[in-house]
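Beneath this line is the structure, given in structure tokens, with notes to follow.
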Amino acid sequence: MDLEEIRGFLAIAETGSFLGAATNLGVPRGTLRRRIDALEARAGMALLERSARGVVVTEAGAKLVERGRRLLDEGAALLVAVREAGRESSGPLRIRLPVGLPPAGLIAVAELQRVFMPELRITLVVGDDPSIDRSEDVDITIHFGERPSSRPELVSELVRVPIRVVGSPTYLARNGTPTAVAELGAHRLTAWLSPDHDSSAWPLRAGGTVPVAPALVSNDAYMLRRSVRAGFGLGLLPDANLDPFGLPVDELVAVLDDAVGGDVALNLTMPLALASSAKVSKVVELIRKFFPPLSSQPNQADTG
């Protein structure tokens, strides 16, 4: 199946017109029409219905829309893997990171890359939205929790990051340290917008949840941690220890650690076709050099 035909078909399905699709793809309308005619001839049925109001996909076309993007992703990933066969680990690589990783952690990853893979050029893209267009050329995605996907992917858990209630010593000295779950309601609270937990229902170690009303909720864990450090209140936050890398240690204190909290998986995901890429394999190995220490000391309230 011709990938350019698929790409043209998907562009028409998305824009609703041959003109809009041709403009987006940068090809003449006549060329696009020929590609669609060839695709429909190959399929043996109509994939698009043309009318005065525009172009819509048929029932058969809808099935191709569903799987067409996946075919393009697999084709792009396969080409990358083929081009890199036998090459050294160099050239560009795009990595998507979750919002809220501490800058010190990113610096440590960059330093490891500088030492072990100096020829590699990395582009870091930050974002947590699982609905991001799959056509974007991202080779590796690091993300918290599960994420939906329609393409074949290899998902590997890097580490389970503890989630704890923490507060600054200054705040606790001024407002008191809660000793029971029921006392949380007397404090100003902030909560991480986790993919696996409801920010208004904090998990209990014994099972179940406790309802809370956070004054501040965000998916940016680093920003929330700085807010807690500044005395905003108590926060339920991911709590990964970076101290083995000699990074700065904040002085947040774990609160109700035996009663409230849980963990969340930090996963690494890549297209299945890239799993055999020498460059990607080396980068994954590099990333794993960084993350194992995060789970080695789970009781420290520190992310740098």
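Just so it is clear, none of the values below were taken in a lab; they were calculated from the coordinates. Treat the numbers as computed from the prediction; the structure is a model and nothing was measured. For neighbour counting, all protein chains shown are included, and Cβ atoms are generated from backbone atoms with ideal geometry for every residue, glycine included.
Of note:
- Sites A182 and E157 - FRET efficiency at Förster radius 25 Å, r taken between beta-carbons, to 0.05: 0.15
- Stretched out straight at 0.36 nm per residue, the stretch from L204 to V217 would grow longer than its current Cα-Cα span by 2.8 nm.
- By average C-beta atoms within 10 angstrom, highest first, the peptides 229-236, 26-33, 212-219: 229-236, 212-219, 26-33
- Linear extension gain, L124 paired with A38, 0.36 nm per residue minus alpha-carbon span: 27.1 nm
- Förster radius 25 Å - calculated FRET efficiency between A60 and R94, Cβ distance, rounded to 0.05: 0.15
- Taking a point 7 Å from the Cα of N175 along the Cα-to-Cβ direction, the residues of region 183-203 with backbone N closer than 19 Å to it are 183-193, 199-203.
- Here the extension length gained between E285 and T23 equals 90.2 nm, from 0.36 nm per residue of separation less the Cα-Cα distance.
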